[in-house]
Amino acid sequence: MGLRYLYDRDEELRKLLESKSSFLIGPLGIGKTSLLKSYVTKSGCEAIWIDGAKVLSLENFINIMKKEYKDFFKKVMDSKETALFSELKAPMLEIENYQNGKSDSLTFVNNFLEELSYIQGVKICLIIDDFTEMRKIGTAFTEIKRALYKTARKRNLNILLSSSELGYAKEILQRKDLPLQKAFFSLTVKPFNQEDSAFFISKGLEQYGVSCPKKNIGEAYYIAEGFPLWLSLIGLRMLEGKCNPQGIYTDSRTQAFWVERLSRLTSKERQILRLIAKNKSFKAAGPHSRRTLEYLIRKGYVLSNKYEHIVDPILNYLLKFEYI
Ligand SMILES: Nc1ncnc2c1ncn2[C@@H]1O[C@H](COP(=O)(O)OP(=O)(O)O)[C@@H](O)[C@H]1O
Ligand SMILES: [Mg+2]
């Protein structure tokens, strides 16, 4: 939408720019990808950008990395003097070795990251957005984590990871045998507060000369709970002439977003989400409900303190009142 500038993330950006490698944690729609993009612009690094959600296998991961590196290589070769050539060529040689069957995939990942960290003339950063979603590639994921950990500890290469899967992210950071938290600065990305939420929407509307009652703009914060994704959508709806923020619940984009996401869960997981949204005990889902709840916590859908609650305010509402 029109709210193109990155609002209220100066503090976070400063911390990211001060750190060598970072791990961004926060629920879906809180602004991790936006923050990473902004980091790339502000730091001026050339990003090898991997979308963890799109990685389906180790082979796939390598191919994406290869493509990203080739694009970067071409870009630099087209623009800069070739003094850097040998440094930049080294990761390409690793790619070729791998393609010619001279190294196995895990050796390749390790060597490739190492070669990346030797590059000096150009500032490179490796970004893996939605990193924990790569766990679906199985044991190779552990090997990749190991390689990332090793590289990040040497502090030559900026590596930025992100995850919406709060439980998995915490487990990964705190694992005893591979404590990523020792090599990565972990940043929890928070929702906007009330004042910033109102300012964010008002500013966006102002840009387009649209106005909505103050009361509606204030109410948007309570509905979106400060999540930028929902504030943006409410703002967009306001631009479309719909000032009432409650309309976000019946907006087809909102509903499609969650319907698609929920379709990736098991039916038992969906059942438990519905129970929690209605303030009922997850145990009503019968055998193994505790285990299923654990998965929902790992995937970042649910938080459990004294009682369980759904992290996303809109999802909670949609399930509670059976809009979806
Ligand atoms: N700081 C921000 N300023 C303005 N808009 C933002 C900001 N952070 C997020 N957004 C909006 O919210 C949406 C979701 O943000 P995104 O970065 O994709 O979240 P995440 O990656 O955490 O799921 C974005 O499309 C963007 O419109
Ligand atoms: Mg994202």
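The values are calculated or read from the model by the stated rules, or taken from the named source; none is laboratory data. Computed from a prediction, not measured in an experiment: that's the story for all the values here. Neighbour counts are summed over all protein chains in view; Cβ atoms, including those assigned to glycine, are modelled from backbone coordinates with ideal geometry.
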| Can Glu11 be described as more than 15 Å from the chain's Cα centre (by Cα) and either touching a residue at least 60 places away in the same chain (Cβ under 8 Å) or within 23 Å of Val311 (Cβ to Cβ) (or both)? | yes
| said: Tell me whether segment 295-311 contains one or more residues that are over 24 Å from Glu225 (Cβ atoms), in contact with a helix residue (DSSP H, G or I) (Cβ under 8 Å, 6 or more places away or on another chain), free of Cβ contacts under 8 Å to residues at least 24 places away in the same chain and not assigned by TED's automatic domain parsing to the domain that holds Gly29. | reply: no
| message | Looking at segment 60-70, can you tell me whether even one residue there is at pLDDT 90 or above, surrounded by 13 or more Cβ atoms within 10 Å (Cβ to Cβ) and either within 11 Å of ligand 1 (Cβ to nearest atom) or at positive phi (or both)? | response | no
| Looking only at segment 41-58, which residues are in contact (Cβ under 8 Å) with a residue 60 or more places away in the chain and farther than 18 Å from Asp71 by Cβ? | Ser43, Gly52, Ala53, Leu56, Ser57, Leu58
| message | For segment 48-90, give me the residue count where each residue is within 26 Å of Ser162 (Cα to Cα), assigned to a helix (DSSP H, G or I) and of a type in the set (Val, Ile, Thr). | response | 2
| task | Looking only at segment 21-31, decide whether some residue is within 19 Å of the chain's Cα centre (by Cα), away from ligand 2 (no atom under 16 Å from the Cβ) and modelled with pLDDT of 95 or more. | result | yes
| task | Mind counting the residues in segment 248-283 that are among the β-branched types (Val, Ile, Thr) and either within 14 Å of Lys299 (Cα to Cα) or assigned to a loop (DSSP other than H, G, I, E, B) (or both)? | result | 3
| If Tyr323 passes every condition in (1) of a type outside the set (Gly, Ala, Ser); (2) assigned to a helix (DSSP H, G or I); (3) touching a residue at least 60 places away in the same chain (Cβ under 8 Å); (4) surrounded by fewer than 20 Cβ atoms within 10 Å (Cβ to Cβ) but one, which one does it miss? | (2)
| request: Would you please name the residue that is surrounded by the most Cβ atoms within 10 Å (Cβ to Cβ), looking only at residues in segment 249-265 that are more than 22 Å from the chain's Cα centre (by Cα) and more than 10 Å from Leu318 (Cβ to Cβ)? | output: Asp251
| said: Is it the case, given these coordinates, that Ser38 is touching a residue at least 12 places away in the same chain (Cβ under 8 Å), away from ligand 1 (no atom under 16 Å from the Cβ) and under 30 Å from Asp312 (Cα atoms)? | reply: no
| Which condition does Ser164 not pass, out of (1) out of contact with any Lys or Arg (no Cβ under 6 Å at 6 or more places or on another chain); (2) over 26 Å from Asp8 (Cβ atoms); (3) within 16 Å of ligand 1 (Cβ to nearest atom), if it passes all the others? | (2)
| request: Being more than 16 Å from ligand 2 (Cβ to nearest atom) and part of a strand (DSSP E or B) narrows it down to one of Leu160, Leu148, Leu116, Leu126, so name that one. | output: Leu126
| Sole exception among (1) within 16 Å of ligand 2 (Cβ to nearest atom); (2) surrounded by fewer than 19 Cβ atoms within 10 Å (Cβ to Cβ) for Lys74, by number | (1)
| Taking the condition touching an Asp or Glu at 6+ places or on another chain (Cβ under 7 Å) and charged (D, E, K, R), does Asp104 pass? | no
| said: If I go through segment 190-220 residue by residue, how many of them are part of a loop (DSSP other than H, G, I, E, B), under 26 Å from Lys15 (Cα atoms) and hydrophobic (A, V, I, L, M, F, W, C)? | reply: 1
